[in-house]
Amino acid sequence: MTAEQSKELLLSVQGLKKNFGEREILKGIDFDVHKGDVVCVIGPSGSGKSTLIRCVNYLEQPTDGVISYRGENVLECFKNLPLYRTKVGMVFQQFNLFNNMTVLENCVVGQVKVLGKKSEEAKAIAMKYLEHVGMASYINAKPHQLSGGQKQRVAIAGVMAMQPECIVLDEPTAMLDPNGRKEVLRAVRKLNEEKGVTVILITHYMEEVVFADRVFVMDNGKLVMQGTPREIFSEVEKLKELRLDVPQVTLLAYELRKNGVDLPEGILTIEELVNA
């Protein structure tokens, strides 16, 4: 039994299709997400990545196909979709914070209104996750007083306060500078490593993909590649055909290999390249 087979299946997507009028955006997608994994979805602009993730969270109604959570059809086992979305929480690239609320209030409101928690209990849970993402000292700040990276970490804490098993991030660092990107990715990895939170991440920054357990590559509404980061980034020419970048260190190792240097395929980090 492989390591993946031994893991608990959390989400399963089978035959997923999505049309907008006559336009077929998703053309029959199948993939599984196991508990505790970090899964990255990459692909060129317009390949259907965001539509896929919005369907997984039922922010878009699939045209066809089945989405299962813990082995049960989501539409059959959840009487209301907001409850499902507390299990599979979503973080957007636009932060989605209430500008008239403080950081703490932003992380409390969902627990009170959706989960029916008492205010004091909700505050205690919110504080735990704000501490986890390094934002506990900003509880009285309003969003306009925060940097982009700080806003995104608050948004992540707000989703995590709903205590989902899986957090879905739709290009959460797309609007951030390099330091903001590092802040957010550090917070996400910490939640995965310390809390066992399953992560599904859409990104176009290939350096963010290196630390995933599994990578799905989309093109023209289909899954065209899947595997570990090392397996995916060993296919440099194929990724180029798909108009995708590879991490700079991987590209450097690839060019060195082409010029006769004896290096393994799929080098992902500077340390690996130095050691090789």
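The values are calculated or read from the model by the stated rules, or taken from the named source; none is laboratory data. Remember, it's a predicted structure, so these values are computed and weren't measured experimentally. Cβ coordinates were reconstructed from backbone atoms using ideal geometry, including for glycine residues, and neighbour counts include every protein chain displayed. Quick note on the areas: whole protein, heavy atoms, side chains included, nothing else; ligands and nucleic acids left out. Shrake-Rupley method; radii C 1.70, N 1.55, O 1.52, S 1.80 Å.
A few notes on this one:
- Wholly within segment 6-75, strands (runs of 3 or more DSSP E) carrying at least 3 residues that are within 14 Å of ILE200 (Cα to Cα) and among the aliphatic types (A, V, I, L, M): 9-20, 38-42
- Of the residues contained in segment 134-150, none is found to be within 24 Å of LYS190 (Cβ to Cβ), in a helix (DSSP H, G or I), in contact with a Lys or Arg (Cβ under 8 Å, 6 or more places away or on another chain) and among the aliphatic types (A, V, I, L, M).
- Condition check for GLY65: farther than 30 Å from ILE125 by Cβ, open to solvent by 10 Å² or more (accessible area, probe 1.4 Å) and over 15 Å from the mean Cα position of the chain (by Cα): yes
- Within segment 138-151, the presence of a residue that is out of contact with any Leu (no Cβ under 9 Å at 6 or more places or on another chain), among the hydroxyl-bearing types (Ser, Thr, Tyr), modelled with pLDDT of 95 or more and open to solvent by 10 Å² or more (accessible area, probe 1.4 Å) is excluded.
- Residue pairs whose Cβ atoms lie under 8 Å apart, sitting 6 or more positions apart in sequence or on different chains, and linking a residue in segment 249-276 that is part of a helix (DSSP H, G or I) to a partner that is among the aromatic types (Phe, Trp, Tyr), are THR250/PHE233.
- Per the listing VAL74, VAL39, VAL13, VAL56, the residue uniquely open to solvent by less than 10 Å² (accessible area, probe 1.4 Å), under 16 Å from GLN226 (Cβ atoms) and touching a helix residue (DSSP H, G or I) at 6+ places or on another chain (Cβ under 8 Å) is VAL13.
- Total residues in segment 91-121, condition in a loop (DSSP other than H, G, I, E, B), surrounded by 14 or more Cβ atoms within 10 Å (Cβ to Cβ) and at pLDDT 90 or above: 4
- Looking only at segment 77-90, residues that are part of a helix (DSSP H, G or I), open to solvent by 20 Å² or more (accessible area, probe 1.4 Å) and closer than 23 Å to GLY158 by Cα come to 5 in all.
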